[in-house]
Amino acid sequence: MKEPFDIDVAIDRVRQAVRDFPPAALFALADEGHRSLFEQVVACILSIRTYDEVTLPTARRLFAAAPTPAAVADLPIGDLEELIRTVSFAEPKARQIHAIARATVEEHGGTLPCDRELLLGFNGVGPKCAHLALGIACGEPWISVDVHVHRVTNRWGYVQTRTPAQTTAALEAHLPERYWVEINRLLVPFGKHVCTGDRPHCSTCPVLPMCRQVGVTSHR
């Protein structure tokens, strides 16, 4: 007999489960001091279709070479592309990042404002990146749903959705606001190391007593 699902208990158990795992890339960069909205947006663009193990050193290399929006805007696009060459789709990402840097300098005095609609107007920035960057850099309550947040919350049975966009809406309706930013911080490492896509580690999962294991056909 499963325990009733209690999101407060689940969050607390996940906190304990992931405390020894590396944090997700954007949170790791924020912990290192790269907390500006511009840096967070750039790092999120770099992370698209790219593993954290590649995103992190690439972002560090870029920010060391060009630590401000003005410095990024002054880079020739070819040099910017070379700095981020290790990520997927480096050429279009270089153009997107360069355009955001120029807009930040020319239209916003060098500081990107905490404005969701402005961020979504930039090529390459979708809701996931906008929400995560605003949550980390600006302290605003937004939910960022990636593959891990989508999979884990559906597997728990906490939401019943088919797409990340639907998961975002469902979590906005049900998840207490105090967890809106933290849910991504927690479920990215939890989804990578415990509640994995293929054969999740259910036997050692602290949430198992209340998890509905939706869609799980094989596990460890």
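Laboratory data are not the source of any read-out in this text; all were calculated from the coordinates shown. If you're wondering where the values come from, they're calculated on a predicted model, not measured in any experiment. Here Cβ is always computed from backbone atoms with ideal geometry, including for glycine, and neighbour counts include all displayed protein chains.
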What Cys residues in the chain are without a partner cysteine, judged by a Cβ distance under 4.7 Å?
-> Cys195, Cys202, Cys205, Cys211
When the Kirkwood radius is taken over all Cα pairs of the chain, what Stokes-Einstein diffusion coefficient follows at 25 °C and 0.890 mPa s, in µm²/s?
-> 135 µm²/s
Each label sits 7 Å from Cα toward the beta-carbon; between Asp6 and Arg116 the label points are separated, in nm, by 3.1 nm
In whole Å, largest first, the alpha carbons of the stretch 25-138 cover along the principal axes 30, 27, 23
Simple SL model, points at 7 angstrom along Cα→Cβ for Glu32 and His219; separation in nm is 3.5 nm
Add +1 for every Lys or Arg and -1 for every Asp or Glu among the other residues with Cβ under 14 Å from the Cβ of Gly110, and state the total.
-> -3
Identify, among Val125, Leu37, Phe63, the residue whose Cα sits farthest towards the positive end of the charge dipole of the stretch 25-138, taking +1 on the Cβ of Lys and Arg and -1 on the Cβ of Asp and Glu, with the dipole about the Cα centre.
-> Val125
May I ask you to list the aspartates and glutamates whose Cα is less than 16 Å away from that of Lys128, ignoring any residue fewer than eight positions away on the same chain?
-> Glu39, Asp52, Asp115, Glu117, Glu140, Asp146, Glu172, Glu182
Spin-label model distance (nm) - Arg95 vs Thr204, 7 Å beyond Cα toward Cβ = 4.5 nm
Neighbour-count ranking for Thr168, Thr86, Thr163 (other C-beta within 10 angstrom, fewest to most) reads Thr163, Thr86, Thr168
Beta carbons within 10 angstrom, averaged per residue: use that to sort the peptides 122-128, 109-115, 56-62, 36-42, highest first.
-> 36-42, 56-62, 122-128, 109-115
